Amino acid sequence: MPRKIVAGNWKMNLNLIEGIELVQKINTTDTDVNVSIMVFPPSLFVNGIKEVNSEKVQVGVQNFHSEEKGAFTGEVSISQVKSVGGTIGLIGHSERRELFNESNETLKLKVDAAIQNDFGFIFCCGESLGIREAGTEIEFVKNQLEKSLFHLEADQIKDGIIAYEPIWAIGTGRTASSEQAEDMHREIRKMLVDEYDTETAGSISILYGGSCKPGNAKELFACPNVDGGLIGGAALDATSFCAIIDSFK
Ligand code: 13P
């Protein structure tokens, strides 16, 4: 069975004090023990968040560079993230792809760096509204996975996490219906079975992201192939984030 995961992507929101308060509240709220909880603050805050954090919440970064070190102004490497206690990173969020021109090739290098450094990752994929309206979303997502992820061996990908985030549902308040989410998640699971095997496909958590909120999380998480969520806006408030965590019950 894939792990149930609820992850909060804070994006470029909250200052350090607000982030610390949020994590402290998550730590002290009685939430479903069967759900793995992760937060992705701005990398600048990983250290400060780790200092107040309990074991309950895994802390990661929203982005990292594939190189170990060097002249890459403004970037952070995996070993730097690990040195302050970060254990996992997002790869290929649509905002990185669209606003920072991250290509499938760049993302493949990040996937390889994560594997080589024993660093967890959530690989993000998802189509724009235009692609959904053209009806080619499955091929589009398949191409993203094939170009950046499916070169891994089964024993390398088995601990990875995939997040399906349709761009048209991110920050728009327009969420995918549970049917739309399940349809794509089922397709992704099938791609994993075809590329690897049933056991490997069954070990990879596939998260949904895009306007997931306390009001719709229960229905989304009830879908057989939705193993949790990557949450943006609703992860900035402890009450709504914890309500989403408890939506599996
Ligand atoms: P929202 O939940 O704000 O739509 O953001 C989703 C997202 O991009 C998470 O990575």
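Here are a few things to note about the model shown:
- Net charge contributed by nearby residues that have their C-beta within less than 9 Å of residue 141 (K/R +1, D/E -1): -3
- Derived scalar couplings between HN and Hα for region 213-220 equal 9, x, x, 10, 5, 4, 5, 5 Hz in order, rounded to whole Hz, by the Karplus curve 6.51 cos²θ - 1.76 cosθ + 1.60 (θ = phi - 60°), x for Gly and Pro.
- Cα-based reach from residue 218 at 19 Å (exclusive), listing aspartates and glutamates while leaving out same-chain residues under 8 positions away: 30, 32, 165, 179, 182, 183, 227, 237, 246
- Summing Lys and Arg as +1 and Asp and Glu as -1 over all other residues whose Cβ lies under 9 Å from the Cβ of residue 200 gives a net charge of -3.
- Listed residue pairs exceeding 19 Å between alpha carbons, taken from 108/213; 190/249; 4/108; 108/142; 4/142: 108/213; 190/249; 4/108; 4/142
- Local net charge near residue 107, Cβ-Cβ under 9 Å (Lys/Arg +1, Asp/Glu -1): +3
- Net dipole in debye of the chain [+1 Lys, Arg Cβ; -1 Asp, Glu Cβ; about Cα centre; nearest 20]: 500
- When shorter helices are ignored and each DSSP H run of at least 4 residues is given -39500 (n - 2.57), the per-residue value for the chain at 222 nm works out to -12000 deg cm²/dmol.
- Between 151, 93, 185, the GNM of the chain built on Cα springs shorter than 10 angstrom shows 151 fluctuating the most.
- Candidates 50, 190, 69, ranked by Gaussian network fluctuation over the chain, Cα under 10 Å, top entry: 69
- Mean accessible surface per residue for the chain, computed with a 1.4 Å probe while every protein chain stays in place, in Å²: 45
- Relative contact order (%) - criterion: Cα under 8 Å, at least six apart; region: region 13-160: 18
- All aspartates and glutamates inside 18 Å of residue 82 as judged from Cα atoms, apart from same-chain residues fewer than 8 positions distant: 51, 55, 67, 68, 112, 118, 159
- Net length gained if the chain between residue 82 and residue 177 were fully extended (0.36 nm per residue, minus Cα distance): 30.5 nm
- Normalised contact order of the chain, rounded percent, pairs of Cα under 8 Å and 6 or more residues apart: 22
- Compared with the alpha-carbon gap, the fully stretched path from residue 73 to residue 24 is longer by 14.4 nm at 0.36 nm per residue.
- Other-chain or far-sequence residues with amide H under 5 Å of residue 36's (modelled H): 4, 5, 6
- Under the criterion of Cα pairs below 8 Å and six or more residues apart, the relative contact order for region 1-96 equals 27 percent.
- Counting only residues at least eight positions apart within a chain, or on another chain, the aspartates and glutamates with an alpha carbon under 18 Å from that of residue 50 are 18, 21.
- Largest mean-square fluctuation among 125, 212, 223, in a Gaussian network model of the chain whose springs join Cα atoms under 10 Å apart, belongs to 223.
- Accessible carbon and sulfur surface of region 35-150 relative to its total accessible area, %, 1.4 Å: 49
- Put simply, the amide H of residue 231, placed in the peptide plane, has neighbours under 5 Å in 7, 8, 9, leaving out anything fewer than 5 places away on its chain.
The values are calculated or read from the model by the stated rules, or taken from the named source; none is laboratory data. The model shown is predicted, which means the values in this text are computed figures rather than measured ones. Because the Cβ atoms are built from the backbone with ideal geometry, glycine has one as well, and the counts that use them run over all protein chains shown. Side chains included, ligands, DNA and RNA excluded: accessible areas come from the protein's heavy atoms. Shrake-Rupley method; radii C 1.70, N 1.55, O 1.52, S 1.80 Å.
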